[in-house]
Amino acid sequence: MPGGAAPQVVPRPPGWQPGPSSPWSALGAAERAGLDLDRVRMMLQAAAGPPSAPGVGPRERSAAVLVALFDEAGEAHVVLTRRAATMRSHRHQVSFPGGRLDPGERLDQAALREAEEEVGLDPASVELLGRLPPFEAFAGLSTITPFVGALPARPHLRPNPAEVERAFSVPLAALVAPGCHWEERWPLPGGDLYPIHFFDLSLDLVWGATARILVSFLTRLLGVPDVP
């Protein structure tokens, strides 16, 4: 576990088990390098849906997040936030900018609006490249659609203290480095085991829906099978 991380609560249930190795564990260092925006664009053109999409499922349960990326030193970096301690749920957890839809709003519009409200990203500066498959949160409370966007350069992030206590970025290469990611299998009420993913960022722990979206994105980018 990361030392010095924010005081998160990871509610591991009795009977949880270690999961399999990372989907990219067999790749060499060279295969994990060069994860830049050009590679992201090619992956999304081949595999993802169009940037604009209607709501998925009941409107009150639809949410969207922005996977905002920028290139630096030949590697793409992803923007993440740490939720404020004053939030009603998921306090201190690392997440993507995003949230639920406003009435009459499209999913892509919600992702951009929330990114502006949470960390000051100008929607006009975001080039939407595509979207990833919708993901149902573990608790079943919402369906989350991730949108991937390109930024022209490292952004000046301005966290909204009402929602965000820290905004930062991480190179994609760091997320697929050996030892960063691991998986656990948590039991569901019916006895099935559900995969829960974690990323150790030293000062932060990424897990839950955010980690699952990262795994979905990274497996597609690296061309390796996703977890079931």
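Any read-out appearing in this document is the output of simple, stated calculations on the displayed coordinates, not a laboratory observation. Since the model is a prediction, treat every value here as computed from it, not as a measurement. Positions of Cβ are generated from backbone atoms using ideal geometry, with glycine treated the same way; all protein chains shown enter the neighbour counts.
Summarising the label geometry, the points placed 7 Å from Cα in the beta-carbon direction at Glu117 and Arg158 lie 1.7 nm from one another. Extension gain for Gln45-Glu136 works out to 30.4 nm (0.36 nm per residue, less the C-alpha to C-alpha distance). Amide H to amide H distances under 5 Å link Arg166 with Arg82, where only residues 5 or more positions off or on other chains count and H is placed in the peptide plane.
With both labels modelled 7 Å from their Cα along Cα-to-Cβ, the Leu27 to Val10 distance reads 2.3 nm. Residues whose amide H falls under 5 Å from that of Phe135, counting only those 5 or more places apart or on a different chain, are Ile144, Thr145, with hydrogens built in the peptide plane. Computed 3J(HN,Hα) for the range 24-34, one whole-Hz value per residue from the Karplus formula 6.51 cos²θ - 1.76 cosθ + 1.60 where θ = phi - 60°, is 9, 5, 7, 7, x, 4, 5, 6, 8, 9, x, glycine and proline marked x.
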